[in-house]
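A quick write-up on the structure given underneath.
We did not get these values from a lab; they are worked out from the coordinates using the rules stated. Treat the numbers as computed from the prediction; the structure is a model and nothing was measured. Note that each Cβ is placed from the backbone with ideal geometry, even for glycine, and that neighbours are counted across all protein chains shown.
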Amino acid sequence: MITVAKALEHILQTVSPLGLEKINILNALGRVISEDITAGRNIPPKDNSAMDGYALCCQDTVGASVKNPVLLEVIEDIPAGAVPQRNIAIGQAARIMTGAPIPEGADAVMRMEDTEKEGNRVKIMAEAVFKQDIRSAGEDVSEGEVVVLRGSVLRPAEIGMLASLGRSFVSVHQKPLIAMLATGDELVDIDENPSPWKIVNSNSYSIAAQVLDCGAQVCILGIARDERADLIAKFQAALRADVIISSGGVSVGDYDLVKDIMKEVGSRMQFWQVAMRPGKPLAYGTIGKTPVFGLPGNPVSSMISFEQFIRPAILKMMGHKKIFRKTIRARLKEDIKKRKGLTHFVRAVVEDANGGYTASSTGEQGSGILKSMVRANGLIVLPEETEFVKAGDEVTVQIIDDSLKLTVKPEYL
């Protein structure tokens, strides 16, 4: 039996980022880009108007006010997308729309609200300052500037920037394909009508959802019975995947065959059993370079094992640098006893509290009680050497969803 830290170290040493692929930018959201993006042009390419108004020479507006307007000759209309046909001289102006290029000779834009049209002239009723309401060429991006760094996770802003630069395809790290199978004669699939002695296979779906939450792809291979031939067939079908995950069959019972089958299909076992609760009977090995995880059969054990070990491995394979869940310090709201020698992951409700956080358990912590995960937004992490923590103590909590990042209304209002 090895520690959580050692197990994680073994796993991460055996996985590497996958190869690269070129994909459309709308399919690249959330992916890790594998190239630096350098601007091939200025954005905007030319000085342009930030407002609907009039392009003019600011010296013409000195002393202008509502009571003392300045009259200028309007020599041109410049809609967005048009190219100015005339230069602006002293005493002249051009009507201009937002985004339209600034004509030669103009050095400011007077917004429409401070003007009044009068035939082929315009009244300017305020003073302009140099470069007023003009967006300068290269104001956003300068030609040759690196605007998206290799290794960045592409968000909506980066997708928009790529579009601005005319990049419809980019190179990103591939998504791993994760093969998921459940084992056990006691299991039935989700659409079957279970007898009182059977259990619906929830693990394949909760773990598949965790895989999808990482941004990877999943292939559910169904249920393997507690028979050597069926298990071997399922594992061999999984060999085309980048990662293989099974749940159940890794304990010490007569029908817990997965460890032996993993060896039989060529898996080099790295370890079996981790000093943690829940999730102790975890097996890990590799077939060639393919990671193979044998998760416990209990639903909470499998989900927590996924969080601690498989999620970071998948994110590393996808090129991510930040691969671990955020942890915070929170004030405990109840006493908790635990067994010494095991790291405990206690399902918890974490709440904001006067600039800090509080944490309380979700109730009964049995490894078969999936409801404890439904209620949880965090895991209280109690180290191996700890035996007791009391209400009011500060504990480390691993956040497992986005609930603490979201509010029912904007906090700035």
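From the square roots a ≥ b ≥ c of the eigenvalues of the alpha-carbon gyration tensor of segment 48-135, which class results: rounded (a/c under 1.5), prolate (a/b over b/c), or oblate? Prolate, since a/c reaches 1.5 and a/b exceeds b/c. Extension gain, Asp77 to Leu404, is 112.5 nm, computed as 0.36 nm per intervening residue step minus the present C-alpha separation.
The residues neighbouring Arg150, those whose beta-carbon lies less than 10 Å from its own, together hold a net charge of -2 under the Lys/Arg +1, Asp/Glu -1 convention. Ranking Ser247, Gln92, Ile220 by how far each Cα lies toward the positive end of the dipole of the chain (charges on Cβ) leaves Ser247 at the top. Placing +1 on the Cβ of every Lys and Arg and -1 on the Cβ of every Asp and Glu, with nothing else charged, gives the chain a dipole about its Cα centre of roughly 1140 debye. Taken over the alpha carbons of segment 333-413 as equal point scatterers, the Debye sum produces base-10 log I(q)/I(0) values at 0.27 Å⁻¹ of -1.43. For Lys263, the lysines whose Cα falls under 26 Å of its own Cα, not counting residues fewer than eight places away in the same chain, are Lys6, Lys234, Lys280, Lys289, Lys316.
Here Lys131 is the anchor, and the lysines within straight C-alpha reach of less than 19 Å, apart from those fewer than 8 places off in the same chain, are Lys46. Cross-link reach is defined here as a Cα-Cα straight distance under 15 Å, omitting same-chain residues fewer than 8 places apart; for Lys117 the aspartates and glutamates meeting it are Asp52, Glu73, Glu76, Asp77. Taking only C-alpha pairs under 8 Å that are 6+ residues apart, what is the relative contact order of the chain in percent? The value is 16 percent.
Taking Val200, Val62, Val243 in turn, the Gaussian network model of the chain (Cα-Cα springs below 10 Å) assigns the largest fluctuation to Val62. Within segment 49-182, DSSP assigns beta bridges of which about 75% are antiparallel (rounded to the nearest 5). The GluC sites (Glu not before Pro) of segment 101-179 that DSSP puts in a loop, and whose beta carbon has at most 12 other beta carbons within 10 Å, are Glu104.
Between Lys46, Lys67, Lys117, the GNM of the chain built on Cα springs shorter than 10 angstrom shows Lys67 fluctuating the most.
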